[in-house]
Amino acid sequence: MKRMFLILSGVALVFGLTVNAHALMFDFTGSLETGTSSMVFSESGVELTVTAERQTGDSILVTRNLTGGLGALTDSVDDPLLDSVGPNERLIFTITQLPVGIDALILESIYFNAYNAGNEDFGIIIDGVDMLGNEFSSPTDLWNVANDLTMEQRTINSFFSIRATDAGGEENFRIGSMEFTLYTEPAPVPEPSTLLLLGAGLTGLAVFRKFKKSA
């Protein structure tokens with residue numbers, strides 16, 4: 001009976017596993033890039049491809065510098081930061097590779113650089129859903145995403161985008177870094193009735209084996 005209890009406990013433990021989670025930091029600062037159609041960043045088996053476009057849907061260039069990080073460039077007279085002059089510019093981060101056994105990324109924080117007077121006006125879309133409305137202001141250079149979005153809202157399966165949004169057309173900043181948690185879909189937890197049925201089956205098997213030996 002004790003052996004049967006241990007077997008059932010082991011089964012329950014296996015089915016009860018939930019999240020395989022550890023922090024992952026992407027640092028977007030690096031060598032100067034005055035403008036390219038896309039950039040690829042890899043960390044611990046996770047690959048992000050970054051592109052840029054205007055709010056109108058026109059593709060533009062991604063920029064990067066040593067201390068600031070990522071920005072966007074529309075033309076030769078445009079500021080190479082992510083800005084809201086004219087149609088708002090946005091950076092699109094697409095998950096192009098995940099390690100085996102990892103199902104999604106959970107966005108934990110975004111670090112802004114080269115921002116205006118310590119106030120970033122921006123919007124964020126995750127898997128096609130606008131999470132913050134037309135405009136959201138972060139009073140500091142580090143946005144802790146969990147303060148404003150639930151874990152479900154900040155779980156990224158495919159892509160997300162960050163856009164500069166300011167009615168005055170004066171907002172501009174760079175994306176210096178981001179932190180994520182790797183997420184594994186929880187294993188289904190069996191219903192109590194399922195465990196009872198499994199226990200009954202194992203008990204029956206034990207009785208059958210005992211009966212067979214005595215015969």
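Yes/no matrix, rows are residues, columns are (1) buried (at least 19 other Cβ atoms within 10 Å of the Cβ); (2) modelled with pLDDT of 80 or more:
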residue	(1), (2)
Glu135	no, no
Pro139	no, no
Thr150	no, yes
Ile162	yes, yes
Ala187	no, no
Leu202	no, no
Ala206	no, no
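Among the residues of the range 74-91, the ones that are of a type outside the set (D, E, K, R) and open to solvent by less than 30 Å² (accessible area, probe 1.4 Å) come to 5 in all. Can you tell me which residue is surrounded by the fewest Cβ atoms within 10 Å (Cβ to Cβ) among those in the range 51-68 that are among the β-branched types (Val, Ile, Thr) and over 15 Å from Phe160 (Cα atoms)? Restricting to residues being among the β-branched types (Val, Ile, Thr) and over 15 Å from Phe160 (Cα atoms), the top hit is Thr56. Just wondering, is there one or more residues in the range 110-120 that are open to solvent by 50 Å² or more (accessible area, probe 1.4 Å) and modelled with pLDDT of 90 or more? Within the range 110-120 (the criterion being open to solvent by 50 Å² or more (accessible area, probe 1.4 Å) and modelled with pLDDT of 90 or more), the answer is yes, since at least one residue qualifies. Annotation note: Cβ proximity below 9 Å between a residue of the range 33-56 that is of a type in the set (D, E, K, R) and a residue that is not in a strand (DSSP E or B) (sequence gap 6+ or interchain) occurs for Glu47/Leu98; Arg54/Thr74; Arg54/Gly86; Arg54/Pro87; Arg54/Asn88. Only strands (runs of 3 or more DSSP E) whose full extent lies in the range 53-104 are considered here, and the ones with at least 1 residues that are hydroxyl-bearing (Ser, Thr, Tyr) and within 16 Å of Ile124 (Cβ to Cβ) are 89-97.
The values are calculated or read from the model by the stated rules, or taken from the named source; none is laboratory data. The model shown is predicted, which means the values in this text are computed figures rather than measured ones. Positions of Cβ are backbone-derived with ideal geometry, glycine not excepted, and every protein chain shown enters the neighbour counts. Quick note on the areas: whole protein, heavy atoms, side chains included, nothing else; ligands and nucleic acids left out. Shrake-Rupley method; radii C 1.70, N 1.55, O 1.52, S 1.80 Å.
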